Amino acid sequence: GWPKATVTLIGPKSFVNMSYDDHRRIRKLTAAPINGFDALTTYLAFIDQTVVATLRRWSSPDSGQVEFLTELRRMTFKIIVQIFMSGADDATMEALERSYTDLNYGMRAMAINLPGFAYHRALRARRKLVSVLQGVLDGRRAAAANGFTRSGAMDMMDRLIDAEDERGRRLADDEIIDVLIMYLNAGHESSGHITMLATVFLQENPDIFARAKAEQEEIMRSIPATQKGLTLRDFKKMHFLSQVVDETLRCVNISFVSFRQATRDIFVNGYLIPKGWKVQLWYRSVHMDDQVYPDPKMFNPSRWEGPPPKAGTFLPFGLGARLCPGNDLAKLEISVFLHHFLLGYKLTRTN
């Protein structure tokens, strides 16, 4: 149901344009390597190291001011590229990062393909992304043909190259590239924004900051002296911090809108939506419904104590068969950053 202009940027063979059967097949292939317990355990060490190194770099005496969102997006991009294309060199990372910035500005812009407009720059960025990813893909295939095996664990590109369905069909290069473009985009842009806003909300609410910090200090006291870095066991103890993240997602969900298409005639609140019609879902109106969330404009993590929300009232990652497959990974990234930030840092906002 997404507009043609968006499909053109993300790719005609990405999740946003896949049929139900194709979507189910690719989702099944990619969800476990992203959100499964073993996968998250593997990624956690790299996320932890990257966050620690990033915060140290920002706080060094010669760092000066930082553009917070820009730097957070750079950090989350480094993490997602490691997961999907481990071993990418600095030149590849830089080329991808620059192109994704332009791609994102064109995602919801008017589809005007003329020089000077965001959509025109986004189309050019997509061509660069396809070129870079095709080059990496060609290199992987050539190495495999010559008998070379990569050191380290398989990444998502390896899994997509090796994937076979029950009939022995493999993914074509354009299918792999479109899936990667979508995942690399979704996997860093939203995490960077929510991390920024969660940090801002914490600093604007000293009582919430103090409670979240006390929880992280208690977790640190329970970690054995021989343990290096955080574990998923530690992450699962971050109960209040999880509420902070959920409340941030409710208040400022970065994926504020999505599009669907009615697959049959359906009545909603007495109105007929005919089969084939497009529907725009405005998630923020759901999250700001005072019938569901009393005093909805107030940042209140404690509202998440108790039973989970009813289905359809909390939609930061979508719902149903097209639920974002990277939801657990995103919350892990955000929580690890907030954990280290709460324990040892503060920001002073200059503008």
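The values are calculated or read from the model by the stated rules, or taken from the named source; none is laboratory data. Nothing here was measured: the structure is a model prediction, and the numbers come from that model. Virtual Cβ from ideal backbone geometry, glycine too; neighbours counted across all protein chains shown. Note: areas computed on protein heavy atoms with side chains; ligands, DNA, RNA excluded. Shrake-Rupley method; radii C 1.70, N 1.55, O 1.52, S 1.80 Å.
Computed quantities for the displayed model
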item: Any hit, segment 82-94, residues being assigned to a helix (DSSP H, G or I) and at pLDDT 90 or above; result: no
item: Check on Phe240, touching an Asp or Glu at 6+ places or on another chain (Cβ under 8 Å) and touching a residue at least 60 places away in the same chain (Cβ under 8 Å); result: yes
item: Matching residues, segment 67-92, being of a type outside the set (A, V, I, L, M, F, W, C) and either over 12 Å from the mean Cα position of the chain (by Cα) or open to solvent by 50 Å² or more (accessible area, probe 1.4 Å) (or both); result: Glu67, Thr70, Glu71, Arg74, Lys78, Gln82, Ser86, Gly87, Asp89, Asp90, Thr92
item: Candidates Leu329, Leu319 - the one that is touching a residue at least 60 places away in the same chain (Cβ under 8 Å) and of a type in the set (A, V, I, L, M); result: Leu329
item: Qualifying positions in segment 184-229 - under 17 Å from Leu241 (Cα atoms) and outside any helix (DSSP H, G or I); result: Asn205
item: Selection within segment 116-140 - within 19 Å of Asn104 (Cβ to Cβ) and open to solvent by 30 Å² or more (accessible area, probe 1.4 Å); result: Gly116, Phe117, His120, Arg121, Arg124, Arg126, Arg127, Lys128, Val130, Ser131, Val132
item: Any hit, segment 275-282, residues being at pLDDT below 95 and more than 30 Å from Met107 (Cα to Cα); result: no
item: Yes/no for Arg73 being over 21 Å from Thr101 (Cα atoms) and assigned to a helix (DSSP H, G or I); result: no
item: Of all residues making up segment 272-310, the number that are outside any loop (DSSP other than H, G, I, E, B) and over 26 Å from the mean Cα position of the chain (by Cα); result: 2
